[in-house]
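Quick notes on the structure that follows.
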């Protein structure tokens, strides 16, 4: 959902009548519970029952909550002891739906079990809001990099490798966007000159291991945002000149009109290094609920990039991310690819282990920080920030 402007359409709640054969013809997957059955509301509806229709409506209504309604929700969840801190952080229903997480609840003192119960209810609200159709391109246009890149550099051959209009999710690929000699030169520069970090989350720490890749997170001068994901916190490094040179080249090749202000760079030492199924929906980038573009450059060894739909669960925790990919393609030295629109809400991606690969690979992933982390001391602000900036002149 992009803000509260995209609302649930007004629909009749009276099931249509018809023969059993006609009902069988109307079988489809319910947008809310994902049951494959016939729809009570006819061919133009996508809910299997009035209960699912009403439950799906709840999340959309939550997007319009004001401060008092959000406070009332906290009261209903039994969070009165922490309501002042929480209402300050989540002034309306939309902010609550898209940013509340278990970590925030724990930091203000909510016990672990209670925090999990609250987040279960929030997930159900999100399921309702996010089960609604994404706005069609005719109402909210979206230009892909396959289009901008084709206009900027017609000779490069940008192509869409994933096109899902119903979920506003796209991926573009450009083979050989960077000449091989230049790509290998960049690879050696990055491999030898960057201050690579070995990271460890709680699981790997318990096993005495590091995550299966080395990394570094670069930002524009003046930004102090820590990149947090999967229990890992990556401290920022001011973007070196040689990384800025690579960024400008790749942005020009993609036809994008603005420069991304951060880059997550991973070093896969061989085919045993990998990254599992995940989505880049961190709050820094607001990709869980806004249209965003992620631009990625591959250098070195060829590796497989896998994609599949995001699994959701109506009751209880999310379903397992395990399972085969639905789409995959190989990223080679000098290739550029993108993930665009609502890709981070609706799709997962991964770079699986490939033991047969003996050579290293470096991947640069550029993004736009739109919600700078002022809690961690970043003085910058962005359009998604609800807090008063510490240094307004830098905004």
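Each reported figure results from applying straightforward, stated rules to the coordinates on display, with no laboratory input. Not measured: the values here are computed from a predicted model. Cβ placement follows ideal geometry from the backbone for every residue including glycine, while neighbour counts extend to all protein chains displayed.
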- prompt: Roughly what would the spin-label model give for residue 234 and residue 210, points 7 Å off Cα along C-beta, in nm?
  reply: 1.4
task: Give me the number: length gained by fully extending residue 241 to residue 167, i.e. 0.36 nm times residue separation minus the C-alpha to C-alpha distance, one decimal in nm.
output: 22.9 nm
message: As an exercise, use a Förster radius of 25 Å and the Cβ-Cβ distance of residue 248 and residue 278 to find the FRET efficiency, rounded to the nearest 0.05.
response: 0.35
query: How many nm separate the modelled label positions at residue 259 and residue 185, each set 7 Å beyond the Cα in the direction of the Cβ?
result: 2.0
task: Compute the distance in nm between two label points, each set 7 Å from the Cα along the Cα-to-Cβ direction, one at residue 139 and one at residue 221.
output: 4.5
- prompt: Over what distance in Å are the Cα centres of the stretch 87-126 and the stretch 171-194 separated?
  reply: 41
query: What is the gain in length, in nm to one decimal, between residue 375 and residue 117 on full extension, counting 0.36 nm per residue of separation less the C-alpha to C-alpha distance?
result: 90.4 nm
- request: Take every Cα pair under 8 Å in the stretch 145-376 that's 6+ residues apart, average their separations, divide by the length, and report that relative contact order as a whole percent.
  value: 28
Sequence ranges 284-290, 178-184, 192-198, 142-148, ranked by mean other-Cβ count within 10 angstrom, highest first: 284-290, 142-148, 178-184, 192-198
